[in-house]
Amino acid sequence: MTTTAAAAARRKTAGAMIGVTPFFLFAILFLLLPTGILIVGAFQDSQTGAFTLANFGDLLQPSILSAFRISIYVSATSALGGALLGFALAYAAVLGKLPGWIRPTLTTFSGVASQFAGVPLAFAFISTLGRLGLVTLLLRDLLGFNLYATGFNLLTFWGLTLTYLYFQIPLMVLVVTPALDGLRKEWREAAQILGASPLQYWRWVAGPILWPSVMGATLLLFANAFGAIATAYALTGSSLNIITILLYAQIRGDVLHNANLGFAIAVGMIAITAASNLLYIWLRARSERWLK
Amino acid sequence: QSAELIAAAKAEGELTTIALPHDWCGYGALIEGFKSKYGLKVNELNPDAGSGDEIEAIKANKDNKGPQAPDVIDVGLSFGPSAKADGLIQPYKVATWDSIPDSAKDADGYWYGDYYGVLAFEVNADIVKDAPKDWADLLKPEFANAVALAGDPRASNQAIQAVYAAGLEGAADAKAAAEAGLKFFAELNKAGNFVPVIGKAASLAQGATPVIIRWDYNALADRDTLAGNPNVEVVVPKTGVVAGVYVQAISAYAPHPNAAKLWMEYLYSDEGQLGWLKGYCHPIRFNDLAKNGKIPQELLDKLPPAEAYANAKFPTLEEQGILKETITKGWDAAVGADVK
Amino acid sequence: MSFIDIRNLKKSFGPTTVVHDFSMAIEKGEFISFLGPSGCGKTTILRMIAGFETASGGEIRLAGADVTHLPPARRNVGMVFQAYALFPNMTVAENIAFGLKVAQKPQAEIKARVEEMLALIKLPQLADRYPYQMSGGQQQRVALARALAVRPQVLLLDEPLSALDAKIRVSLREDIRNLQRELGITTVFVTHDQEEALSISDRIVVMNEGRADQMGRPFEIYNYPQTRFVASFVGTLNLLKATVVDPSAGRLEIEGQGVIAEHGAEAHARGATCTVALRPEAVTIGEPGPGRNALSGLIEEVAFLGAIVRVRVRVGTAAISLDLFNDPTSPPPERGTAVTIAFDRDDLLVLKD
Amino acid sequence: MSFIDIRNLKKSFGPTTVVHDFSMAIEKGEFISFLGPSGCGKTTILRMIAGFETASGGEIRLAGADVTHLPPARRNVGMVFQAYALFPNMTVAENIAFGLKVAQKPQAEIKARVEEMLALIKLPQLADRYPYQMSGGQQQRVALARALAVRPQVLLLDEPLSALDAKIRVSLREDIRNLQRELGITTVFVTHDQEEALSISDRIVVMNEGRADQMGRPFEIYNYPQTRFVASFVGTLNLLKATVVDPSAGRLEIEGQGVIAEHGAEAHARGATCTVALRPEAVTIGEPGPGRNALSGLIEEVAFLGAIVRVRVRVGTAAISLDLFNDPTSPPPERGTAVTIAFDRDDLLVLKD
Amino acid sequence: MKESRFGSWLAIVLGASYFLIPLIGTFEFSLRMKRGEYSFEAYRVVFSDPNFQASFLFSTVMAVVTVVLGILLVVPTAYWVQLRLPKLRPLVEFVTLLPLVIPAIVIVFGYLRLYNSSSFLPLTNSSFGTNVLLACGYATLALPYMYRSVESGMRSIDVRTLTEAAESLGAGWPTILFRIILPNIRSALLSGAFLTFAIVIGEFTFASLLNRPAFGPYLQLVGANRAYEPAALAIIAFFVTWACMGLIQIVGRARGDSARR
Ligand SMILES: Nc1ncnc2c1ncn2[C@@H]1O[C@H](COP(=O)(O)OP(=O)(O)OP(=O)(O)O)[C@@H](O)[C@H]1O
Ligand SMILES: Nc1ncnc2c1ncn2[C@@H]1O[C@H](COP(=O)(O)OP(=O)(O)OP(=O)(O)O)[C@@H](O)[C@H]1O
Ligand SMILES: NCCCCNCCCN
Ligand SMILES: [Mg+2]
Ligand SMILES: [Mg+2]
């Protein structure tokens, strides 16, 4: 490349930079600076305000480590489950040749459901699948089936995951629909005409094309569950040791209140999000060679 | 109250509170009463906030004179001294200062106890025919899937005190009591009686948590709210009665310091104290009021019998520290569900 | 019974009907071209044969079986799409291999076939490129290779060579034709290039507004068009008004100049006006003679088309185009020259209507 | 100074260089065609002129100003894309109106212009269709109309007619040409259709692997190709091996049969082997005579191309194609017939290399 | 074809059961306010509160403002990142994920420190300023959802070709973005808008600590320690929000509906 060409490329990039400036300005003002205060706090002693790494040292307590572990576990499970089921639903609505009203109904419903969380959601599930829930009782009274005898319990890991799916699935639906819209009908036709079964088409064509979007959406779901608190708090409040509850206990609670340790936990969460983001970028780079 | 203070408060025009749920200790009526009495506006910030939030809100609003900055806070006992040490609150002594027991106030007037209650069993009497009378009753098979706390013992003062209360009987000191309490809950959990949901009026009514361990004043307020649907019984356990004190303070950075002072005067006046009592909270001046016969009998009748309070244990700050340490750390091992 | 049997096929998109009552029978191994103006329904019919578009009426039979409602994957039909439709996530080689992979052919066979196909389309060096890294014509060739690789029973080609230059186009169409003959693939070929259709097809279907106007061998279609539409669409026919002077003798007048038509005049009444058709290549400058007609006119336009030079001569109000072979040593007459043009009597086609 | 001035343009995609050192000067109002095999870099150069691709080297000047690094929207260059690139969210009319709306033309003018354009592309009835509701050729015409509507100073057309049938194609290319002349739009036209390039252009650039092999007027390009590549790419040239028998007399031998070349033989040594070129249209069956060469051979293949019938005659190891005019009354000789073919001595081109 | 439709129906029916039954459970409970009978008493209580409407209206307006702000922020960014700055993509994606893991309360306390009445940008000085701050906060919370939707929408259209076609017709970037790109990622924008809308309608922490009369704090105030009203409110909020989205959908569809493939 000659110098002028390089300069031109630079100028083009600079032009685009101006285009993304509002975003970064906004992010700095309303996200990064406020968060920066937090990060600074994570390095401060709660009493003296002096610089310290002790807060991070405290993260290594077994209870905090296990909270991180359980949070990651719950988030990953609900993200994968949500991604899978949400994708299936979105697929059915977008490409399933269903009546036209289904899709707008589903997407608008998903809009609400994806943010339906916290106490109301926990309560809805308790009223449905709790020991005295609607479904539990119906199963018992009508079918003579005791759900809880099977070892099922809403107030456990799987119960929490099942409940999380209530907002994870719709979130997936919403985020992945546009990607499904982007599948061109010619690709499917070309695959069909070459004898591919729908499965083969998905395995080799649609799947790889959608993969980056699906992965991105799954990452979003992961972070969504990872940062969630209200639902877990209301549902399995004191039995499941998830990290957000510890974090909130430190910065909000009536008892503990060591905001600086809370901030350190938050920084830990950011680090985990960053790591999952890196993993995603790496996976995507491997699967996206065909993109401009 | 001095006319001067009222005038100064009116000049400020408003008061900003935080973390005052309307169903809590009659705060709803108190706020209304304050507004109508003095014609001030009251901004109510996050009623759902915890004590930690309240402290952080003061810190965050140090330089803010807007309606986001709380003037007054109502926090767990242990937060009083620490907030004072951090310089987040300012001293003020209300007119009735002397009638506040010394054990429940900062000598310099930075913080002062506001009300207390004891931990009780809130029971859905439609489901539970035979209400538990003491902690040990909770372990009975008839309370399978029935007993819940009103908070998470890793985060909520109330829940910590509940664990403590469960182990209090016969324990040598706070640490032993805390450990016994943890053991109790571990057993409760093993017996399948413990429901690890945050107990609320709704879950009580719905039947998911027919027995909730919580402050008696919350339980009694619930009883009124639910108005017989279902019937609620509030039982103070025979043994292991623990009282919890919250404290009141004015933010050092209060944008409306005079309104804040006026609010304190209002709360600590006989009228304010009775307002708390109407919300089933024992105001800190309860004994003073009772001594002077200022409590209407019908109010007293609605409270749990006085003898239930007779041997109530008020944990000291020091004891609270031990509880917090022992219970928050031990909880997961005692009842936490582990994920393989 | 024919191999592909299309009966009374119809297709409407909402209120607009784009294919009206289309029928045709194609024999096994035949090479059929669809020729017709843009928007006349060629792609639509191909898509119905492939099964991508549901017919609004009529029936399609493949090898005796009614496939009108069969899904595309079960018709054993190959197709090259007008817009290529390459899989963007696959390299050229992977695209070509796709159908073979689906059919679970052994690895070695796939590899060999892909190489063969790459050689056919003359792009062996681009095996590892992704579609976005290729030019339009290169993509089109890959699409062709992909469809050919599976050697389907029926091949539907929707303008598969439109983005290619004459040279590679000619060579590819010969390759397609050879492969098709060799494997006996029944082929339907949509093209807008008449020369292509004429040179490659067993039969041509000339379509007009969703109907087949004429079907027949290239020579027939070109030389004996049955409708005015076919006559004007295929080739560059001169259509002229003429007055019938003597029907039985075939004597006509074009722009006041007398000519004789060998056939067809007898269908018209004396003094009637009729349309006559004349192919540009039948007309010469000069060279009158016995059995030939001559008209005088003025050269109006000379267009250099390569092997051919197309000259437009004005005769009264009519313009007659004629084709000359390019000859660098004797350039065509200049614009504005007065010339006599001549053509054989039997090249003058008197149309019926 | 020229209107468009391209100097030493280069373009690489990663390691592969697809345009090497391309230079040319285009005068205001000129109509230039790029002709070249698929993948030779035509689209890439157009995209660099339009500003969509950054040149890896070299310079582009428009009307005297260096625009090499100017953004596309500021070059006042119109473009029709090989893949149409219609806006899927807009109707035909809205697509066409887009550029005018952007330029904030008055409502009435936009309406009038859109109608004019719709008439030009012969699709007035489809104004309210969306792109997905149209056939390939229809979309292509809309893309053309959209680019023409704004009447840019420079118009870049990337195979704008490739999806159209001969008839509408000829009429559209004439329309483009007229509009272009009328408005003085400097035009660069990429096509793979030689006839189109030859008939419409002021000058033609024949490209090969990212380089301009030859630039010149159509007649020159066709009749006097300067490189072997141009000779073989433009038209259907017969390239034959010959042995030089007597350079000064121009005597050569092709497949053992003696012929005479008017020019060019003197550049080769006696006994040397050289390549000679012969246009199909210069060859006749029979008709030997004074000043003409004759060769005897066997008819190997007869292809009916419409106006022309292309006959391949085998002469020893060489195959010579020749073009005859279609004549329904006297069909060309059959395959396998022994024939004598003849051509003028000055039609035999002895190539230099 | 028949089978695939069956599968779709199965997915929809199973999904609908999973999603509707908990709502039905909640609904059933909300009807039990009067002892021994089903009644709409809880709904009556909720609807009789004038603050219900006022706060819902406030939140709706905030939601619309936030949706617009979010689109203005995210669309150009996603566009340039896709077209010209692919190297920035990881950074942008990471930044947009942050709001999910940083507790809202931390962010809002951060705002109070940064934009308080004595700061360089004293947004909290006026209620308008605070509303602006609130909208920015909401846009921040919605960022992950909005960005991901828009990004996956952009990925599904040929941004480059559309841009080039528009540029060659003299369009500047605002025209390209708003007349070409936006209409072609409509379904993505709707997704983002729905998510944003639902976040804003229910959001509690920001509104409460910034002292704005929004629906979230109202819900909390009314519902916190009641039994039946919160259930009724949840149902009402759910369906009213859903209805609002239906409205957005219709408005969003009004233009260019037929442009669907
Ligand atoms: N992004 C890319 N990366 C690598 N190679 C590319 C890329 N884009 C184009 N090419 C190559 O550059 C060469 C020139 O491409 P271009 O599109 O200019 O060809 P063209 O002359 O327009 O061909 P056609 O007539 O087939 O459209 C081709 O060989 C193509 O494979
Ligand atoms: N989805 C649709 N809705 C309405 N009309 C349509 C639709 N698809 C195609 N058409 C119309 O049907 C007619 C036939 O289209 P088709 O694609 O078959 O044409 P074609 O003969 O292949 O043309 P071309 O040579 O231009 O590709 C066209 O007039 C087109 O406008
Ligand atoms: N200010 C009263 C003590 C704080 C307790 N917060 C109660 C929150 C109710 N959910
Ligand atoms: Mg077509
Ligand atoms: Mg090209």
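FRET efficiency for the pair C:PHE13 and A:LEU60, taken as 1/(1 + (r/R0)^6) with r the Cβ-Cβ distance and R0 = 60 Å, rounds to 0.35.
A viscosity of 0.890 mPa s and a temperature of 25 °C, combined with the Kirkwood radius over Cα pairs in Stokes-Einstein, give a translational diffusion coefficient for segment E:49-260 of 132 µm²/s.
Note on E:LEU10 and B:LYS329: the model spin-label points, each 7 Å out from Cα along the C-beta direction, lie 5.4 nm apart. Taking the DSSP bridge list for the protein assembly as shown and keeping only pairs wholly inside it, about 75 percent are antiparallel. Using C-alpha pairs below 8 Å separated by at least 6 residues, the relative contact order for chain C is 15 percent. Above 14 Å, the calculated P(r) of segment B:1-76 contains 63 percent of its Cα-Cα pairs.
Within a straight-line Cα-Cα reach of under 16 Å, E:LYS34 can be paired with the following aspartates and glutamates, leaving aside sequence neighbours fewer than 8 residues apart in one chain: B:ASP126, B:ASP222, B:ASP224, E:GLU229.
Computed with a 1.4 Å probe over protein heavy atoms only, the accessible area of A:LEU84 comes to about 130 Å². Considering only alpha-carbon pairs that sit under 8 angstrom and 6 or more positions apart, the relative contact order computed for segment E:49-260 is 28 percent. Using only Cα coordinates, the Kirkwood hydrodynamic radius of segment C:50-169 works out to 15.2 Å. With respect to chain C, whose longest principal axis is taken over its alpha-carbon atoms, helix C:107-120 is tilted by about 20°. In this structure C:ASP128 has an accessible area near 120 Å², from a 1.4 Å probe over the protein heavy atoms.
Unpaired cysteine residues in the protein assembly as shown (no second Cys Cβ under 4.7 Å): C:CYS40, C:CYS274, D:CYS40, D:CYS274, E:CYS136, E:CYS244. With a 1.4 angstrom probe, the accessible area lost at the D-C interface totals about 4100 Å².
Sparsely packed loop sites in segment E:97-189 (the chymotrypsin sites (Phe, Trp or Tyr not before Pro) outside DSSP H, G, I, E and B with at most 14 other Cβ atoms within 10 Å) comprise E:PHE120.
Of the DSSP H helices in chain E, those with a Cα length along their own long axis of 18 Å or more and a mean Kyte-Doolittle hydropathy reaching 1.0 comprise E:50-83, E:89-101, E:186-202, E:228-254. Placing a label point 7 Å from the Cα of D:GLU253 along the Cα-to-Cβ direction, the residues of segment D:318-343 whose backbone N falls under 20 Å of that point are D:318-320, D:341. Is any residue of segment B:219-244 close enough, with backbone N under 20 Å, to a label point placed 7 angstrom from the Cα of B:ALA136 along the Cα-Cβ axis, and if so, which? So the set is B:235-242.
Assuming a ≥ b ≥ c are the square roots of the Cα gyration tensor eigenvalues, decide whether segment B:166-264 counts as rounded (a/c under 1.5), prolate (otherwise, with a/b larger than b/c) or oblate. Oblate shape, in that a/c is at least 1.5 and b/c is the bigger or equal ratio.
For segment A:61-291, the gyration tensor built on C-alpha atoms gives an oblate shape. Its axis ratio a/c (a ≥ b ≥ c) is at least 1.5, and a/b is not larger than b/c. In the Gaussian network model of chain E, springs joining C-alpha atoms below 10 Å, which of E:ALA42, E:ALA63, E:ALA207 carries the largest mean-square fluctuation? Among E:ALA42, E:ALA63, E:ALA207, the largest GNM mean-square fluctuation belongs to E:ALA42. Ligands, DNA and RNA excluded, the heavy atoms of D:SER321 present near 20 Å² of accessible surface to a 1.4 Å solvent probe. Ranking E:PRO90, E:LEU134, D:VAL206 by how far each Cα lies toward the positive end of the dipole of the protein assembly as shown (charges on Cβ) leaves D:VAL206 at the top.
Axis of helix C:92-102 versus longest Cα principal axis of chain C: the two differ by about 70°, to the nearest ten degrees.
With 28 Å as the limit, the listed pairs B:LYS10/B:LYS302; D:LYS101/E:LYS87; C:LYS42/C:LYS167; C:LYS10/D:LYS101 have B:LYS10/B:LYS302; D:LYS101/E:LYS87; C:LYS10/D:LYS101 beyond it between alpha carbons.
Any chance you could check the Cα centroid distance between segment D:137-207 and segment B:252-269 for me, in angstrom? Centre-to-centre (Cα) distance: 83 Å. Just the Cα atoms of segment A:36-118, one point each, no solvent: what log10 I(q)/I(0) does Debye give at q = 0.15, 0.17 Å⁻¹? With one equal scatterer per Cα and no solvent, log10 I(q)/I(0) is -0.76, -0.83. Computed from Cα atoms alone, the Kirkwood hydrodynamic radius reported for segment A:76-127 is 12.5 Å.
Take segment A:61-291 with all the other protein chains still there, run a 1.4 Å probe, and you get 32 Å² of accessible area per residue. Once the Cβ-Cβ distance of D:GLU209 and C:GLU109 is raised to the sixth power relative to R0 = 25 Å, the FRET efficiency obtained is 0.15.
Using R0 = 22 Å, the C-beta based FRET efficiency linking A:GLU186 and C:ASN76 works out to 0.65.
If you take the alpha carbon atoms of segment D:102-190 and fit the smallest convex hull around them, that volume is 104 Å³ per residue. Model label points for D:ASN178 and B:ALA171, set 7 angstrom from Cα along the Cα-to-Cβ axis, are 10.1 nm apart.
Stokes-Einstein diffusion for the protein assembly as shown, with the hydrodynamic radius set to the Kirkwood value over Cα pairs and evaluated at 4 °C in a medium of 1.567 mPa s, equals 34 µm²/s. Among the trypsin sites (Lys or Arg not before Pro) within segment C:117-185, not one is in coil by DSSP while having at most 12 neighbouring Cβ atoms inside 10 Å. Given contacts defined as C-alpha pairs under 8 Å and at least six residues apart, what's the relative contact order of chain B, whole-number percent? Here the relative contact order equals 28 percent. Beta-bridge orientation, chain C: approximately 75 percent antiparallel, per DSSP, counting only bridges with both partners inside.
The values are calculated or read from the model by the stated rules, or taken from the named source; none is laboratory data. Because the structure is predicted, anything quoted here is derived from the model rather than measured. Every residue, glycine as well, gets a Cβ built from its backbone with ideal geometry; the counts of neighbours run over all protein chains shown. For accessibility, only protein heavy atoms count, side chains too; no ligands or nucleic acids. Shrake-Rupley method; radii C 1.70, N 1.55, O 1.52, S 1.80 Å.
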